[in-house]
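Everything below concerns the one structure shown next.
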Amino acid sequence: MKISEVRKIFLDYFKEKGHTVVPSSNLLPKKDPTLLFTNAGMNQFKDVFLGLDSRDYKRASSCQKCVRAGGKHNDLENVGFTYRHHTFFEMLGNFSFGDYFKKEAIEYAWELLTKRYGIPTDKLFITVYKDDDEAYDLWNKNIGVPTNKIFRLGDKDNFWSMGEVGPCGPCSEIYYDHGSEHGCGKPDCKVGCDCDRYVEIWNLVFMQYNRDEKGKLTKLPKPSIDTGAGLERLTAVMQGVASNYDIDVFKNIKKHIQKGKEHEGSCNAIADHLRSIAFLISDGCFPSNEGAGYVLRRIIRRAIRHGKLLGFDSPFLYKNIPVVCDLMGDAYPELVSSKNDIQKILLSEEEKFFETLDKGLSLLEKELASLSKGKKLNGQTAFKLYDTYGFPLDLTQMICKEKDIDVDIAGFEKEMENQRTMARTARTKNQSTDSKISDADIEVVKTAVSSIKFDFIGYEEFSSKAKCLLIIKDGKIVEELNKGDKGILIFDKTPFYAESGGQIADTGTIELDGKELAEVVSVQKPVSGIHLHLVSEVSSNIKKGKEYDLVVSKELRHLIQNNHTATHMLHHLLRAKLGEHVKQAGSLVNSKFFTFDFNHYEKIPNDILSEIEKELNLWILRGDGVSFSYMSYNDAVKSGAMALFDEKYGDKVRVVKIGNKSFELCGGTHVNNTSDIGVFKIIAEESTGAGVRRIRATTSFNAYEIFESAQKIVKQVSNELKCSEPELMDKVGQILEENKKFKKENDEFRSVLAKGVLERSIGSAEQINDIKFLFTEVNGASAKDLREYSEYVKSKGIDLAILYTGSDSGSSIVITASKKASSKIPASELMKYLSSLVGGKGGGNPEYVQGGGVDISKLVGALPKIKEFISNR
């Protein structure tokens, strides 16, 4: 049975049992800062389990893409050398959100394994939580599993928690016995042993408690089910092999890279890493030096090192990407559409590392040759390998481990800290404290949400009458807001759009009989889509149960929706110009401008940006209609609509279509015709991190103001230069050329003067033993000038020279040494000594060092000590 069949049987079975089959979420969980990668099937349902979100279904099933290669869930060290560790794997799962519980979960699992897959019952073993008598009895009395095949285990193995606080509960695991030939041979070998005989193939989590801050467990009113079964492990069982690396998908990948049994572990690791690389890049993760991108870079470079052991001396991974994409493209079509981009990005990364790999290995092998077993490689060398040659620390550790050598991790971290940037910039929304909802407010809403019936009517209306259903003040439900109070209002319906999908919330007013009672400063929907209206100090009492007029600011709404529709148009044009790997990675849409983040691996040339800006404005002028429709999620995706990976969608989705080009799932507000936008202007294009670019742009009157401001500048400069606007660029070019000529003449004049000064200084150079030494200041010289002058004095017979210059903007210094002098007094060592006297730092080699930051006021005073240092050497 192929792996594709194992996957299909699982999903089809649960579909028959009334489960909605939900597509795998992206490997980069953008809305969960606690995770580097999606590492379990339940990740995309986390907010549902926490009560912060709801779905249109109570039963779900999925096959989730997962990566465990960083942080707590890190299997990287074992990959390739054990039967079942992977960086990338697929997790099958079925979920119940307050619907069925233990009995059904256990019955489903047993029926699927023994009836649909046909696994012999004598091969299956069960574990339950030590105190979970209910699960024990269900397995024993209901299913008929004998007591000698059910094991009670403790908290470590059979009690699952989402975190320190929150939903948790006992779990029950199903193990498969691969036979004694795969065991450790110990007399006490049994379920739970670390050997390869008994392998967990399915974990059933019974989420029945809530743990509070004191550790107290309280029963949940609607217990839930979360299960996870490793597809690769289950496939190994179905194909009669003990190692996951012997199943069909890995065998097909390995036959393209296998070079004998000598390095089978390396071959396994490469096959695993190829899957991780392909899926991560297709999901928008690009190699970088931080976060998820750095983990990807580590995986790539570990794979390259394994390739070296197999005899690959040039880029080879990228050639195997089509194999992975073809094997797994039916289940994950994004691999097929991204195949060329994955290869291009991977080839670039391979080329970079192959340039430095041999030099780094040479350095490491030289260091290791001087160490005996059990010793440590110093942290400075480990850091140099990382910083200069691109060796991730774990790669250095892996190579050292082969020689039974440890690495000085503390020393490495110390070096790392010396150059680590103190903070990573992260985009935060411009939002005052007054426009945020506290955790206490959210908890109150969660308790009351079941009694609230709500409608959003903002797509059609800018104002409406609505009944106030709930009032919250300072984390408590109240009957009214009095004059001067701030609070949160919930109505039975609203025209106010709540902050979502990158679009900021509408603002406006709450009115009664034409009189403004409060300003709506923000609208958010943290719980079950209910819109929470945050109001500023009210001017008159607002009471629960009373009807009020809700009025949205039309002017701001129009500006916001102009920008939002433009993001869709921009997205389409970016994909058309740059490739289908371009996917939205985030956005911020407000009334003044918008930012659009997207996956791309290099800066966009200015001519391409100009083309995009021009084509988008022509699209606006063309006046294409914007239409809205509702359909099932599956139908929308099948028809070509783009969905954002970090958004959650119900059964019915809203589709926004612009002309016959852009077709996206979106719940935001938009124009009815592209001509409503008026004009579009790109403000900037920049990087926000490795593999992610950002375009900042605006539309409508804000764009007009930018064009007008630019035109004013052009007129002003033209007037100053006394030329017409069409002649301006020629005039500027002429001025720049003249300036370049004057600068060259000035530099030549300064060089002649400086060399004249140096000639006089050379005449007074000192003889220290057999070294002719020159110490002199060269006023007004740049760092580049000093390098030129250092070569000049060497040509005049100077063995050792210190040339320096200082100004308000800083100081520069060069030390140059002839071959004769450098063998006794390396310039680099003299710089180190000089720095100990007068500060500063520099870098170079024995014959030349360039530096700065020295205290010029102390330098002349330190001359006697410098001479003494030279004399002693």
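Points to keep in mind about this one:
- Positions within the stretch 526-546 being under 15 Å from residue 487 (Cα atoms) and not aliphatic (A, V, I, L, M), in sequence order: 531, 533, 536, 537, 539, 540, 541, 543, 544
- Entry remark, the stretch 727-740: residues being within 46 Å of the chain's Cα centre (by Cα) and either within 12 Å of residue 714 (Cα to Cα) or open to solvent by 100 Å² or more (accessible area, probe 1.4 Å) (or both) number 7 in total.
- Test: residue in the stretch 266-287 that is surrounded by fewer than 16 Cβ atoms within 10 Å (Cβ to Cβ) and not polar (S, T, N, Q): no
- Looking only at residues in the stretch 779-816 that are assigned to a loop (DSSP other than H, G, I, E, B) and at pLDDT 85 or above, the one that is most open to solvent (accessible area, probe 1.4 Å) is 796.
- Members of the stretch 622-639 that are open to solvent by 70 Å² or more (accessible area, probe 1.4 Å) and either within 20 Å of residue 585 (Cα to Cα) or part of a helix (DSSP H, G or I) (or both): 622, 634, 635, 638
- Residues located in the stretch 539-557, provided they are in contact (Cβ under 8 Å) with a residue 40 or more places away in the chain and open to solvent by 60 Å² or more (accessible area, probe 1.4 Å): 541, 543, 544, 546, 547, 554, 556
- Within the stretch 561-587, residues that are under 18 Å from residue 285 (Cβ atoms) reach partners that are of a type in the set (S, T, N, Q) and assigned to a strand (DSSP E or B) with beta carbons closer than 7 Å, at six or more positions or on different chains, in the pairs 581/599; 582/599; 583/599; 585/599.
- Applying the condition of being within 36 Å of the chain's Cα centre (by Cα) and over 15 Å from residue 150 (Cα atoms) to the stretch 182-200 and asking which residue is most open to solvent (accessible area, probe 1.4 Å) yields 194.
- Pairs, first assigned to a helix (DSSP H, G or I) in the stretch 715-738, second open to solvent by 90 Å² or more (accessible area, probe 1.4 Å) and not aliphatic (A, V, I, L, M), C-beta under 9 Å, six or more apart: 718/727; 721/727; 725/715; 731/722
- Residue list for the stretch 313-342, restricted to those being part of a loop (DSSP other than H, G, I, E, B) and either in contact with a helix residue (DSSP H, G or I) (Cβ under 6 Å, 6 or more places away or on another chain) or open to solvent by less than 40 Å² (accessible area, probe 1.4 Å) (or both): 315, 316, 329, 332
- Meets criteria (within 21 Å of the chain's Cα centre (by Cα) and modelled with pLDDT of 95 or more) for residue 31: no
- Scanning the stretch 640-673 for residues that are outside any strand (DSSP E or B) and in contact with a Phe, Trp or Tyr (Cβ under 6 Å, 6 or more places away or on another chain) yields 640, 641, 649, 669.
- Pairs where the first residue, in the stretch 5-33, is farther than 19 Å from residue 634 by Cβ and the second is open to solvent by 60 Å² or more (accessible area, probe 1.4 Å) and outside any loop (DSSP other than H, G, I, E, B), C-beta under 7 Å, 6+ apart: 9/116
- Qualifying residue in the stretch 510-524 (condition: farther than 30 Å from residue 342 by Cα, open to solvent by less than 60 Å² (accessible area, probe 1.4 Å) and among the small types (Gly, Ala, Ser)): yes
- Residue list for the stretch 756-766, filter: under 16 Å from residue 816 (Cα atoms) and surrounded by fewer than 17 Cβ atoms within 10 Å (Cβ to Cβ): 766
- Pick from the stretch 161-181, criterion over 30 Å from residue 34 (Cβ atoms) and touching a residue at least 12 places away in the same chain (Cβ under 8 Å), ranking: most open to solvent (accessible area, probe 1.4 Å): 180
- Verdict on residue 710 being without any contact (Cβ under 8 Å) to a residue 24 or more places away in the chain, assigned to a strand (DSSP E or B), within 29 Å of residue 736 (Cα to Cα) and small (Gly, Ala, Ser): no
- Across the stretch 671-715, the qualifying residues are those that are hydroxyl-bearing (Ser, Thr, Tyr) and either under 24 Å from residue 624 (Cβ atoms) or open to solvent by less than 20 Å² (accessible area, probe 1.4 Å) (or both), and the one among them that is nearest to the chain's Cα centre (by Cα) is 698.
The values are calculated or read from the model by the stated rules, or taken from the named source; none is laboratory data. No experiment lies behind these values; they were computed from the predicted model shown. Reconstructed Cβ throughout: ideal geometry from the backbone, glycine too, with neighbour counts over all protein chains shown. SASA here: full protein model, heavy atoms, side chains in, ligands and nucleic acids out. Shrake-Rupley method; radii C 1.70, N 1.55, O 1.52, S 1.80 Å.
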